[in-house]
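Read the structure below first, then the notes.
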Amino acid sequence: MSIADGTVTTGGTGVDDIVAIKDLRVTFATDGGAVRAVDGVSIAVRPREIVAIVGESGSGKSVTAKSILGLVPATATSSGSILLRSRDRTRTTDVVAASANTLRELRGDDVAMVFQEPSTALNPVYTVGWQIAEGIRAHGSVSRADAKKQAIDILRRVGIPDPETRVDYYPHQFSGGQKQRVVIAMALVLNPGLIVADEPTTALDVTVQAEILDLLRRLRDEFDTAIVLITHNMGVVADLADRVVVMYQGKVVEEADSRTLFASPQADYTKQLLAAVPHIGQGEARAAVRTQERLERASSSTPVVAARDLVIEYPGRLGRGGFRAVNGVSFEIKEGEVLGLVGESGSGKTTIGRAIAGLSKVTGGSLNVLGREMLGIKERSFRSARVDIGFVFQDPASSFNPLLTIAECVAEPLVVHGRATDARDARTQVDDLLEAVQLPKAFGDRYPHELSGGQRQRASLARSLALRPKLLIADEPTSALDVSVQARVLELFTELQREFGFASLFISHDLAVVDMLADRIAVLYKGELVEEGTGAEVLGAPRHPYTQRLLASLPVPDPIEQETRREALHRLQAVDS
């Protein structure tokens, strides 16, 4: 046996674990002092095992996972050990003690990572084939032609159609789900023994998410690979994981096999985490109460929004025909009502939201918003209506100006519409708004990057309510939030809607979230409205095959029930094909 550069070389370690994390501690140096992100964590992963590490933002789960590849930043100090076994089982490397050269050698060969956001993981100026081939050639003497053949083969194995052609496509030519498959292909191409998947399905529709989970499950068996899964989606954990590790404030608070943990959680934090997960059917009683309150409060029978055979078409380019994103859709949003709009990416739901806000042009049919016909309307005619429309964006981090404080961001609508001369003049109103969304008014002096994801989303809600709008459009406002944070934001949204009485279009791909909030639910598929009704009608007894498939694709936080639902989904898919 020899020990050098953090590597222990043996003829066989006698240990079954692919990776063994022992007493890992990771501390970050900050201007405010040292911050311990991981505090004495010990986790082991066996061959072909899928281990999920769960917890809310700041729990240390991503830092723990990235430490397996030595991807912690230079400001971090690590102690303890991470013993990673090579794919051929001839050596074990302590990642914490390994040099930069050793880390470069083991990344890709022994362990690889699937990053959360494929759009940022892929280089936009190179074809996906070139990027996969570059990883192959970096780890061995392989010709360009052979590397391209391997790239085509791995794209085929992860389910990319026509890989011989699409190997020469650029990232922007793939859908979100296909880009995630490409990133998985890049991780698998060197056949590592361990894959670390960091939130691999966060921004995906439930139907695409189901496909990615099936893919990971199949690849685990086909490539004989272990997987460490980082996620805040407990339904995904129930669907995929063999074992679950729950982290809170840098420590492991509970660890158990998947069925045991969901059936009988022991730690109080685990119980709170599972209790925060929304379920289909939870919103039925709430919807009945909200409907009665709305009917009592409504002062007018005129809808806030009325669409009749709505058509929205994007013009073609370079001699190509236009693309019809919305095709003959009709619906209404009454005063004080919440309409949930669901569907997968490309269904047209965000396009409808943007058209209601005057951000996309209506090309056919009729769309009446707050008494104004949007077909052919001029901006100067619609400008006065903008004061009555609030918009909550999916990603508040990108919708806030990073150079402005939170108070200045929230005050912006007040200043633009002449309700205040500047942010300082609006500060009293801003403080009231921040307190309404349960943020301390002192947070107004912070910048967007100094707030957590849930805090930024609350600030985004405060900004959208600054002008006391009659209509609020919320576009996927909780898709990237942890379940506990999501639960607080949803509860806050309900309280604010009751207090301010605004009507709302709530756009989401999460059916359980929509069920909790919406009075009625509309389902879009390929630009057409295929089903509409109350939650009990649409989710309790769906009529359209697409709605049925959408419901079957939604993972639930129960491994036994999820196994049954997965089989039902496969049957539906077999019928469709």
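Looking at segment 122-152, which of its residues are within 29 Å of the chain's Cα centre (by Cα) and within 22 Å of Phe223 (Cα to Cα)? Val128, Gly129, Gln131, Ile132, Ala133, Glu134, Gly135, Ala151, Ile152, listed by residue number. Considering Asp110, Asp23, Asp94, the condition of being in the same structural domain as Phe174 (by TED's automatic domain parsing), on the phi > 0 side of the Ramachandran plot and of a type in the set (Asp, Glu) is satisfied by Asp23 alone. For segment 239-256, does any single residue satisfy the condition of being at pLDDT below 90 and either surrounded by 22 or more Cβ atoms within 10 Å (Cβ to Cβ) or assigned to a strand (DSSP E or B) (or both)? Scanning segment 239-256, I find no residue that is at pLDDT below 90 and either surrounded by 22 or more Cβ atoms within 10 Å (Cβ to Cβ) or assigned to a strand (DSSP E or B) (or both), so the answer is no. Those strands (runs of 3 or more DSSP E) of segment 1-61 in which 1 or more residues are out of contact with any Cys (no Cβ under 6 Å at 6 or more places or on another chain), at pLDDT below 90 and within 19 Å of Ser99 (Cα to Cα) occupy 2-4, 7-9.
Being free of Cβ contacts under 8 Å to residues at least 40 places away in the same chain and either β-branched (Val, Ile, Thr) or touching a Lys or Arg at 6+ places or on another chain (Cβ under 8 Å) (or both) holds for only one residue in Leu122, Leu103, Leu155, and it is Leu155.
Any idea how many residues of segment 35-55 are among the small types (Gly, Ala, Ser), more than 24 Å from Arg89 (Cβ to Cβ) and out of contact with any Phe, Trp or Tyr (no Cβ under 7 Å at 6 or more places or on another chain)? Result for segment 35-55: 2. Criterion first (at pLDDT 85 or above, among the hydrophobic types (A, V, I, L, M, F, W, C) and either within 16 Å of Val338 (Cα to Cα) or surrounded by 16 or more Cβ atoms within 10 Å (Cβ to Cβ) (or both)) does Ala487 satisfy it? Spelling it out, it is not the case that Ala487 is at pLDDT 85 or above, among the hydrophobic types (A, V, I, L, M, F, W, C) and either within 16 Å of Val338 (Cα to Cα) or surrounded by 16 or more Cβ atoms within 10 Å (Cβ to Cβ) (or both). In the set Ala574, Ala536, Ala552, only one residue is over 30 Å from Ser464 (Cβ atoms), small (Gly, Ala, Ser) and surrounded by fewer than 19 Cβ atoms within 10 Å (Cβ to Cβ); that residue is Ala574. Scan segment 171-180 and tell me whether some residue there is more than 22 Å from Ile195 (Cβ to Cβ) and assigned to a helix (DSSP H, G or I). Yes, some residue in segment 171-180 is more than 22 Å from Ile195 (Cβ to Cβ) and assigned to a helix (DSSP H, G or I). For Ala210, the conditions (1) part of a helix (DSSP H, G or I); (2) small (Gly, Ala, Ser); (3) at pLDDT 90 or above are fulfilled apart from (3). For segment 268-286, what are the residues that are modelled with pLDDT under 80 and either assigned to a helix (DSSP H, G or I) or under 13 Å from Glu254 (Cα atoms) (or both)? Within segment 268-286, Gly283, Glu284, Ala285, Arg286 meet the criteria. Look at (1) among the hydrophobic types (A, V, I, L, M, F, W, C); (2) touching a residue at least 60 places away in the same chain (Cβ under 8 Å); (3) not in a helix (DSSP H, G or I) and you find that Leu550 fails only one, number (3).
Yes or no, residue by residue, for (1) in contact (Cβ under 8 Å) with a residue 24 or more places away in the chain; (2) touching a Pro at 6+ places or on another chain (Cβ under 7 Å):
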{"residue": "Gly316", "(1), (2)": "no, no"}
{"residue": "Gly322", "(1), (2)": "no, yes"}
{"residue": "Ser347", "(1), (2)": "yes, no"}
{"residue": "Arg386", "(1), (2)": "yes, no"}
{"residue": "Phe400", "(1), (2)": "yes, yes"}
{"residue": "Thr421", "(1), (2)": "no, no"}
{"residue": "Arg424", "(1), (2)": "no, no"}
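Scan segment 367-399 for residues that are closer than 22 Å to Lys441 by Cβ and modelled with pLDDT of 90 or more and the total you get is 1. Of the residues making up segment 555-577, those that are outside any helix (DSSP H, G or I) and either touching a His at 6+ places or on another chain (Cβ under 9 Å) or modelled with pLDDT of 85 or more (or both) are Pro555, Val556, Pro557, Asp558. Checking each residue in segment 360-377 for being closer than 13 Å to Tyr314 by Cβ and surrounded by fewer than 17 Cβ atoms within 10 Å (Cβ to Cβ) picks out Lys361, Gly364. For segment 73-124, filtered to residues that are outside any strand (DSSP E or B) and touching a Phe, Trp or Tyr at 6+ places or on another chain (Cβ under 6 Å), the residue that is surrounded by the most Cβ atoms within 10 Å (Cβ to Cβ) is Ala121.
The values are calculated or read from the model by the stated rules, or taken from the named source; none is laboratory data. Quick caveat, the model's predicted, so the values are computed rather than measured. Reconstructed Cβ throughout: ideal geometry from the backbone, glycine too, with neighbour counts over all protein chains shown.
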